[in-house]
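Each remark here refers to the structure printed beneath this line.
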């Protein structure tokens with residue numbers, strides 16, 4: 001049986017976007033990460049938030065090191081995901097050691113670059129917070145939910161890597177939570193291939209600014 005057209009279209013677009021990300025050099029990623037942090041931290045919803053759900057970037061994803069440090073310094077309660085064997089996401093509060101995070105923030109890298117980061121190695125090359133797990137429904141305590149992605153369409157439909165983790169998570173967020181995908185410049189597109197289970201986001205943050213959809 002042939003694959004559905006939307007599946008083929010998603011795979012082709014993912015390949016294209018991932019190839020573009022692999023072409024980014026470390027210096028460019030660092031500059032972009034610092035700019036992205038400034039955009040997100042200046043957003044009214046983030047400034048008002050008590051709890052922010054975020055994530056630790058890996059590889060050529062938009063860097064979240066400076067952003068996580070900025071959220072912590074602003075006194076936000078930051079929760080980070082823990083990937084479960086079934087690809088669902090548990091959550092834990094991130095509380096970095098004060099020493100060791102500043103160099104990552106200045107470089108725009110993830111705090112994974114420091115041994116005192118409040119993170120530990122997990123499977124699939126990921127890092128997870130060391131705090132007690134809160135359960136999959138802890139995402140509902142977040143006022144702001146920052147999610148990874150590869151692209152987003154003008155209708156707010158986000159395309160991820162295909163694992164389905166955030167498709168499940170986004171169905172658990174609070175109704176009034178602000179959901180924002182973090183992307184590189186050029187990844188906000190006119191449209192992306194979508195399926196019925198795809199959940200739209202409210203906005204996309206890139207190093208160049210914030211794009212709102214609803």
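Results, tabulated for the structure shown:
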{"item": "Qualifying positions in region 125-160 - within 16 Å of the chain's Cα centre (by Cα) and surrounded by fewer than 14 Cβ atoms within 10 Å (Cβ to Cβ)", "result": "125"}
{"item": "Subset of region 178-199 (residues that are more than 24 Å from residue 31 (Cβ to Cβ) and surrounded by fewer than 16 Cβ atoms within 10 Å (Cβ to Cβ))", "result": "190, 191, 195, 196, 197"}
{"item": "Residue satisfying all of: in region 67-126; touching a strand residue (DSSP E or B) at 6+ places or on another chain (Cβ under 7 Å) and farther than 21 Å from residue 139 by Cβ; modelled with the lowest pLDDT among these", "result": "112"}
{"item": "Search result, residues across region 1-48 that are without any contact (Cβ under 8 Å) to a residue 40 or more places away in the chain and farther than 23 Å from residue 191 by Cβ", "result": "1, 22, 23, 25, 26, 27, 28, 38, 41, 42, 44, 47"}
{"item": "Residue satisfying condition, being within 27 Å of residue 16 (Cβ to Cβ), assigned to a loop (DSSP other than H, G, I, E, B) and in contact with a strand residue (DSSP E or B) (Cβ under 9 Å, 6 or more places away or on another chain), within set 56, 40", "result": "56"}
{"item": "Breaking point among (1) crowded, with 17+ Cβ neighbours inside 10 Å; (2) at pLDDT below 95; (3) not in a helix (DSSP H, G or I), for residue 3", "result": "(1)"}
{"item": "Tally, over region 151-177, of residues that are assigned to a loop (DSSP other than H, G, I, E, B) and in contact with a strand residue (DSSP E or B) (Cβ under 7 Å, 6 or more places away or on another chain)", "result": "5"}
{"item": "Sole residue being assigned to a strand (DSSP E or B), closer than 17 Å to residue 129 by Cβ, within 14 Å of the chain's Cα centre (by Cα) and touching a residue at least 12 places away in the same chain (Cβ under 8 Å), chosen from 80, 67", "result": "80"}
{"item": "So residue 205, is it surrounded by 17 or more Cβ atoms within 10 Å (Cβ to Cβ) and modelled with pLDDT of 95 or more", "result": "yes"}
{"item": "Condition met for residue 59 (farther than 14 Å from residue 166 by Cα and at pLDDT 95 or above)", "result": "no"}
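The values are calculated or read from the model by the stated rules, or taken from the named source; none is laboratory data. Because the structure is predicted, anything quoted here is derived from the model rather than measured. For neighbour counting, all protein chains shown are included, and Cβ atoms are generated from backbone atoms with ideal geometry for every residue, glycine included.
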